[in-house]
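One structure below.
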Amino acid sequence: MPELVNIPIGSNCYKSRSGNVSIQQLINLYAEPNPQGSSTPFTLYPTPGLKRWIQLGSGPIRGMHQMGGYLWVVSGETLYRVLNNGTYVEVTGAIAGNDPVRMIDNGTHLGISTPVSFYYANIDGVFSNTTVPNICGLTYQDGYGILAEGDSEKFWITGLDDMTTIDGLDFSSADVFADNLKGCISDHRELWLFGENTVEIWSDTGNADFPFGRNQSGFIEHGCLSGNTVAKINNHVFWLGDDYAVYTNNGYQPQEISTPAIEKIIRESSFAKDAYAFTYRDEGHAFYVLSLKETTLCYDMITGLWHERLSSGSRWIVQTIENAFETNYCGTRNNGWVYELDLNTYLEDTEYISRQCVFPAITSYSQGARMVSVHEMIINIETGTANLSGNGSTPTAQLQWSDDYGSTWSNQISRSIGLRGERNAIVNFSRLGAFVDRTFKLTIFEPIKLAILGAYARLESRG
C-alpha cells in the first residue's frame, strides 16, 4: 500500500563534485528555521525584490553612503546628495570612471576612492587628491581616512579629521611577509590589512610620527584573493581567501564558512579574482553577498547556510547596498535607479524573478525497497496569495525530476498554486513514475508572496 512520507526540501546550496552525493541548490530562496515543534525544520522564503525609489542619471550606481542626514550616491560620474523624501542635489565636480567606488566619512568630509583616484567631497563640491596610486582599499578609523595601495605593501592616511590632505610621508608598510596589499577594513578600532597571503592587524598607538602600529598578536596566515570582497557585519569581518575559501574571523583566528561545494563554484569562476561583496541585514538575517561573474553566492550568518541569487540567469544585478532612513537602498550596474530592497516586492524592477529549489536526493533503499513508485507528491506552499488580476493572478509551480543525479531532467509538470483567497488549495503532482535514486526540482516564476513549507510523497515499494 502507498505510504505518505515526508520528503526533505533543500535548505542549502551544495552541488558537490559528485552528483551522487548532492546537487542541492537554492536560487532566489533562502531558508529560515521554524519554531520548535513545527512539522518541518525550516521554511523557504523568497529573496527581496527591487522597488523603484529615485532615478539619478543613467548610472550605473557605483556606491552609496549615509552622512550628515543625507544619502550620498555616485551614479555614473556624478555625486548626488539625497534627502529621505527623495529630493536630491547634484554635487559639483566629477568622479571619473565607471567602476564601483568605496566611500567613507569623518562627519565633515566624504571620502571616495576609485582604483586610480581618491576624492573628498562635501556640500560645496567634489575635489580630487591623487597622492595615492592604485587604490585597492579604503576605510576609516579614529579620524583618519586609510587607503591601501595595490601592488605594494604601503597604506596611507589622510590628515586627522581632514580628508582634504594626504601628506607624502604619511604612509607605512604591512611588511611582516613580502606580499602586496589587496584591501583593508577597520573593525573594533583595529585596522585589518589584507595581503595576498597574510592579514596584519594594526592599532592606533597615538604615536606622533605615525599613529598606527602593528599589533604583535594580530597576524593571520590566510591572504585575500580580492580586496573588493572584504566586508563586515555583526561584529565579524568576511573575505574571500587566497585559497578560494570564504572566511570570517573568530578573534584573530580565520574561520572557514564556505563548504567544498561553494569553493568549487568559486574556483570554477572565470573571474574569481574580480569578485566583490557587501553585507546587509534584513528581517533578522545578516547576509554576506559575494558576486562572481556567473552567479552571486549569499551566506546567511544567522543560519550558516548558503543560497544563490540570479538575475535573468546571471549574477544578481545589485552591486551596492546602504541602509539609510531605516531602509535598505541598493543600486545596480544596469541603470541609474536607486531601489528599495523590499521583501513585499516580487519583481526586480519590471523583471520576473525565477525561484528554484533542488531537493536532496532520495533513494529507494531508504524506503527499504529496490525500487519505489511515486503515486503522488504534495508541495506544501502558502496558497491563496495570487494577485487579483494580471500577472500572478493564476500562479503555477513547476516540478521536474532527475534519476541520474542531474545529468538529465524530466519535462516540467505545472500545477496551480491557487487563486486569490484559495488558502486551502493543494499543490499536487501525481503519477510520477518509479525510481531507484531521484532528485526533485521545484521552480516558481510568479510575482506573488511565497513560502515553501515542505513536501510529502505517497510512495509504494516495488520489491
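Overview of results
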{"read-out": "Residue check, residue 410 modelled with pLDDT of 95 or more and polar (S, T, N, Q)", "value": "yes"}
{"read-out": "Only one of 431, 420 that is surrounded by fewer than 20 Cβ atoms within 10 Å (Cβ to Cβ) and on the phi < 0 side of the Ramachandran plot", "value": "420"}
{"read-out": "Near pairs, Cβ below 6 angstrom, 6+ apart or cross-chain, from the stretch 262-273 (open to solvent by 80 Å² or more (accessible area, probe 1.4 Å)) to any residue that is outside any helix (DSSP H, G or I) and of a type in the set (Gly, Ala, Ser)", "value": "273/226"}
{"read-out": "Qualifying positions in the stretch 78-110 - among the charged types (D, E, K, R), over 18 Å from residue 158 (Cα atoms) and at pLDDT 95 or above", "value": "81, 90"}
{"read-out": "Where residue 412 falls short, out of the listed (1) surrounded by fewer than 15 Cβ atoms within 10 Å (Cβ to Cβ); (2) out of contact with any His (no Cβ under 9 Å at 6 or more places or on another chain); (3) over 16 Å from residue 27 (Cβ atoms)", "value": "(3)"}
{"read-out": "Out of 247, 280, 299, sole residue that is open to solvent by less than 50 Å² (accessible area, probe 1.4 Å), modelled with pLDDT of 95 or more, under 26 Å from residue 70 (Cβ atoms) and aromatic (Phe, Trp, Tyr)", "value": "280"}
{"read-out": "Considering residues of the stretch 129-171 that are polar (S, T, N, Q) and closer than 29 Å to residue 273 by Cβ only, the residue most open to solvent (accessible area, probe 1.4 Å)", "value": "130"}
{"read-out": "Selection within the stretch 95-117 - open to solvent by 50 Å² or more (accessible area, probe 1.4 Å), of a type in the set (S, T, N, Q) and closer than 16 Å to residue 77 by Cβ", "value": "98"}
{"read-out": "Residues (closer than 23 Å to residue 445 by Cβ, outside any loop (DSSP other than H, G, I, E, B) and open to solvent by 20 Å² or more (accessible area, probe 1.4 Å)) located in the stretch 307-336", "value": "310, 314, 315"}
{"read-out": "From 17, 81, residue being surrounded by fewer than 21 Cβ atoms within 10 Å (Cβ to Cβ), in a strand (DSSP E or B), over 21 Å from the mean Cα position of the chain (by Cα) and among the charged types (D, E, K, R)", "value": "81"}
{"read-out": "Check on residue 155, closer than 27 Å to residue 319 by Cα and outside any loop (DSSP other than H, G, I, E, B)", "value": "yes"}
{"read-out": "Condition check for residue 355: touching a residue at least 60 places away in the same chain (Cβ under 8 Å), buried (at least 16 other Cβ atoms within 10 Å of the Cβ) and not aliphatic (A, V, I, L, M)", "value": "yes"}
{"read-out": "Wholly within the stretch 182-287, strands (runs of 3 or more DSSP E) carrying at least 1 residues that are basic (Lys, Arg)", "value": "212-220, 231-233, 276-282"}
{"read-out": "Count of residues meeting criterion [at pLDDT below 90 and closer than 30 Å to residue 313 by Cα] in the stretch 24-39", "value": "0"}
{"read-out": "Counted residues, the stretch 65-84 - those being out of contact with any Phe, Trp or Tyr (no Cβ under 6 Å at 6 or more places or on another chain), touching a residue at least 60 places away in the same chain (Cβ under 8 Å) and farther than 11 Å from residue 336 by Cα", "value": "2"}
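The values are calculated or read from the model by the stated rules, or taken from the named source; none is laboratory data. All figures in this text were calculated on a predicted structure; none of them were measured in a lab. A quick note on method: Cβ atoms are made from the backbone with ideal geometry, for glycine too, and the neighbour counts reach across all protein chains shown. Ligands, DNA and RNA are excluded from the accessible area calculation, which covers all protein heavy atoms including side chains. Shrake-Rupley method; radii C 1.70, N 1.55, O 1.52, S 1.80 Å.
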